[in-house]
Amino acid sequence: MYNAELLDQIKKYFLTKKDEELCGLIIKMNNDSKFIECQNISKDKTKNFAINPLDYLMASEIGEPIVTGK
């Protein structure tokens, strides 16, 4: 479904902050997928995530978001 390079990029990002929920979007661009890191704007980042709406907007201008969250 997703190529190894994309999955490796996601793993590296999620390992950067093990103690909090991180946010990201996978967007579809033509026949390719790209991972976009997003800011978690939740008040309690250790238990919840909330994607910054500006990050979602930016990603949707690049392609179609198809996966969110952790």
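The values are calculated or read from the model by the stated rules, or taken from the named source; none is laboratory data. Keep in mind that what you see is a predicted model, and the values were worked out from it rather than measured. All Cβ positions, even for glycine, are placed from backbone atoms using ideal geometry, and neighbour counts span all protein chains on display. Heads up: the accessible areas ignore ligands, DNA and RNA and are worked out on the full protein's heavy atoms, side chains in. Shrake-Rupley method; radii C 1.70, N 1.55, O 1.52, S 1.80 Å.
Residues in segment 19-32 that are under 19 Å from Ile51 (Cβ atoms), out of contact with any Ser or Thr (no Cβ under 8 Å at 6 or more places or on another chain) and open to solvent by 90 Å² or more (accessible area, probe 1.4 Å): how many?
Looking only at that region, the number is 1.
Please work out which residue is farthest from Glu5 (Cα to Cα), limiting yourself to segment 18-70 and to residues that are of a type in the set (Lys, Arg) and free of Cβ contacts under 8 Å to residues at least 12 places away in the same chain.
Lys43
What is the residue count in segment 7-53 for residues that are under 13 Å from Pro65 (Cα atoms), aliphatic (A, V, I, L, M) and not in a strand (DSSP E or B)?
Final tally of qualifying residues: 0.
Test of understanding: among Phe35, Phe14, Phe49, which residue is open to solvent by less than 30 Å² (accessible area, probe 1.4 Å) and aromatic (Phe, Trp, Tyr)?
Phe35
Would you confirm, using the coordinates I've provided, whether Pro65 is open to solvent by less than 60 Å² (accessible area, probe 1.4 Å) and not hydroxyl-bearing (Ser, Thr, Tyr)?
Yes.
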